[in-house]
Protein chains: 2
Amino acid sequence: MVKVSLIQSQPILGEAEQNIQNLIPLLAQTEDSALIVLPELANSGYNFTSRNQAMKLSESIEDSRFIEFLHQHARASGCHIVAGMNERERDLLYNTAVLVGPDGIIGRYRKLHLFMNEKDIFEPGNRGLPVFDVGQMTVGIQICFDYLFPETWRILGLKGADLICHPSNLVTPYGQKVVPMHSVVNGVYVITANRTGADGDLKFSGGSIITGTRGEVLARASENKPEVITIEIDPQKSRNKMITEKNHALNDRRPDQYLDILES
Amino acid sequence: MVKVSLIQSQPILGEAEQNIQNLIPLLAQTEDSALIVLPELANSGYNFTSRNQAMKLSESIEDSRFIEFLHQHARASGCHIVAGMNERERDLLYNTAVLVGPDGIIGRYRKLHLFMNEKDIFEPGNRGLPVFDVGQMTVGIQICFDYLFPETWRILGLKGADLICHPSNLVTPYGQKVVPMHSVVNGVYVITANRTGADGDLKFSGGSIITGTRGEVLARASENKPEVITIEIDPQKSRNKMITEKNHALNDRRPDQYLDILES
């Protein structure tokens, strides 16, 4: 069994240092979790009024106070943290989630499917769908609106993810409804760490969830306040893809027929 | 708007003629529906005790009393019918769903993902994922356990299906939970026509559903009795894949990145 936590926080637009300070008491509640998942864009807030503003609130991977802060906690507690951040590379911005461990940054995922005005601010992700070994388990990452695209969840399942970390800033109720399907069809755990509160004219829906390998909701946060949820999950369950004695969730796929375009 | 019906019936194993007779009063309740969906293996029943028994209860497409019966109704009422049947081709069996219209059989789909003991009886489907023009709309077909494989639903969505007909003999509660997700991520209607009753040691879960393009359950049948549900659906809704003013459910996909196997 592995202890994992979700942090449902409430980032404030443009208040990078305050956002870090607000995370300190929440991180303190994660006890001895092996893995902690934070929301999307946890360093900067979400609802930028312009690309210029987003640029000012971005950080590069190599020189990020936010990553330094996460690393400090990861080193002190021996855990791994997945957190959304507004990433700058040269003059381009990405809606990124980083994986930070006791030795520093391990990898990152750049959101492939941008939602609404994000298209005017961020570049679409260009680093594919990596999975990462974090010791007791393999994790993949998806960000918020990626929930609408079953392809990416399936690819992470096929690459051996036990757990998909899903930093989010969800405003509609669809995400929390669709995520359990990705769990059950791929036989993986998912942690959807959503945010709460409002940001300009956007109100976020909270209700962060942890789903099990049969799509069951193992834990659900409130809709309107910062919160920490810690549970134990069993990576052996995500590695057993036999859903009946004769059916394997992944090996029963029929890739040859998926390519068939026979029309009658 | 197009009127569509689901028939939740209760086929009896081995009673081909009785199964037809039992459908007559149910078909009479479909009013002037343009399309009617029946359960999986509606001609033969499901829980065969041996492959030999299944062979005896099968029919070839060219010489099927069941298809003749469906055609008779389709011709008289000007409708289309999708129905599951135990199909024999030479000495091979397929878990098939046929599409029958006023002029006779239009096409068929052979179940790609076989469940449990079906693997000992049927050949896996070998005719890909066809879609069919039935006048006011385009339909695709999935059968029962196919619900666990998002690939096939996505392909039918990409091929332009407005409605996916889903003849089923579901025993677990997962199917009816997962189907709404296929609706929302592909922006299509789904009719899951399940059966009721028991067949040997199997008890079927009924609860047939019709889902809308946002994954909403538009209608749900009881769990334990034969039933007909008729509603109107709007194919224009399934053709509009814009889910926000800047997001298209299908065009926002990132196929280039889905192929990327970058590992960090």
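The values are calculated or read from the model by the stated rules, or taken from the named source; none is laboratory data. Only a predicted model underlies this, so the values are computations on that prediction, with no experimental measurement involved. Please note: Cβ atoms are built from the backbone with ideal geometry, for glycine as well, and neighbour counts cover all protein chains shown. Just the protein is used for accessible areas: all its heavy atoms, side chains included, with ligands, DNA and RNA removed. Shrake-Rupley method; radii C 1.70, N 1.55, O 1.52, S 1.80 Å.
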Net charge, B:Ile61 excluded, C-beta distance under 9 Å - Lys, Arg +1, Asp, Glu -1:
-3
Just the number: Rg to Rh for the protein assembly as shown, Cα atoms, Kirkwood Rh, two decimals.
1.03
May I ask for the Kirkwood hydrodynamic radius of the stretch A:105-158, worked out over all distinct Cα pairs and given in angstroms to one decimal?
12.1 Å
Return the inverse of the average 1/r over all pairs of distinct C-alpha atoms in the stretch A:119-240, which is the Kirkwood hydrodynamic radius, in Å to one decimal.
14.7 Å
Tell me the carbon and sulfur percent of the accessible area for the stretch B:2-263, rounded to whole percent, probe radius 1.4 Å.
49 percent
Loop only per DSSP, at most 16 neighbouring Cβ atoms within 10 Å: give me the trypsin sites (Lys or Arg not before Pro) in the stretch A:142-177, ordered by residue number.
A:Lys159
At R0 = 30 Å, FRET efficiency that the Cβ-Cβ distance of B:Ala28 and B:Asp120 yields, to 0.05
0.20
Using the heavy atoms of the protein chains alone and a 1.4 angstrom probe, what is the accessible area of the stretch B:107-172 per residue in square angstrom?
22 Å²
Of A:Lys225/B:Lys241; A:Lys119/A:Lys159; A:Lys159/A:Lys225; A:Lys246/B:Lys111; A:Lys111/A:Lys159, pairs whose Cα-Cα distance is over 23 Å
A:Lys225/B:Lys241; A:Lys119/A:Lys159; A:Lys159/A:Lys225
Base-10 log of normalised Debye intensity for the stretch B:62-101 (one unit scatterer per alpha-carbon) at q = 0.14, 0.35 Å⁻¹
-0.31, -1.20
In whole Hz, what ³J(HN,Hα) sequence does the stretch B:173-180 give by Karplus (6.51, -1.76, 1.60; θ = phi - 60°), x for Gly and Pro?
x, 6, x, 5, 7, 7, 3, x
Note, A:Gly45: beta-carbon cut-off 11 Å, +1 each Lys/Arg, -1 each Asp/Glu, net -2
If amide H atoms are modeled at 1.01 Å from N in the peptide plane, then the residues at a separation of 5 or more from A:Leu218, or on another chain, having amide H under 5 Å from its own are A:Ile210, A:Thr211, A:Gly212
Output row for A:Glu31: copy-to-copy label distances, label 7 Å along Cα→C-beta, ascending, in nanometres, one decimal, is 5.6
The answer for the stretch B:200-251, accessible area per residue at 1.4 Å probe in Å², is 52 Å²
Where labels lie 7 Å past Cα in the beta-carbon direction, separation of A:Leu92 and B:Ala76 in nm:
6.5 nm
Total accessible area lost when A and B pair, probe 1.4 Å, Å² to nearest 100:
4500 Å²
Loop-only GluC sites (Glu not before Pro) in the stretch B:10-41, please: DSSP not H, G, I, E or B, and at most 13 other Cβ atoms within 10 Å.
B:Glu31
Give me the residues in the stretch A:173-208 whose solvent-accessible area, probe 1.4 Å, is reduced by at least 10 Å² once all protein chains are included instead of the chain isolated.
A:Tyr174, A:Lys177, A:Val178, A:Met181, A:Val184, A:Val185
FRET E, pair B:Ala198, B:Met55, Förster distance 30 Å, beta-carbon r, rounded to 0.05:
0.85
Residues other than A:Arg214 with Cβ under 15 Å of its Cβ, Lys/Arg counted +1 and Asp/Glu -1, net out at +1
Share of pairwise Cα separations in the stretch A:2-263, more than 30 Å, in percent:
23 percent
What list of ³J(HN,Hα) couplings, whole Hz, do you get for the stretch A:2-14 from phi and the Karplus terms 6.51, -1.76, 1.60, once you set θ to phi - 60° and write x for glycine and proline?
10, 8, 10, 10, 10, 10, 8, 10, 9, x, 9, 4, x
From highest to lowest solvent-accessible area (probe 1.4 Å; ligands, DNA and RNA excluded), A:Met137, A:Met242 read A:Met242, A:Met137
List every residue whose amide H lies under 5 Å from the amide H of B:Glu223, counting only residues 5 or more places away in sequence or on a different chain, with H placed 1.01 Å from N in the peptide plane.
B:Gly207
With a cap of 11 neighbouring Cβ atoms within 10 Å, and only residues DSSP puts in a loop, list the trypsin sites (Lys or Arg not before Pro) found in the stretch B:39-138.
B:Arg90
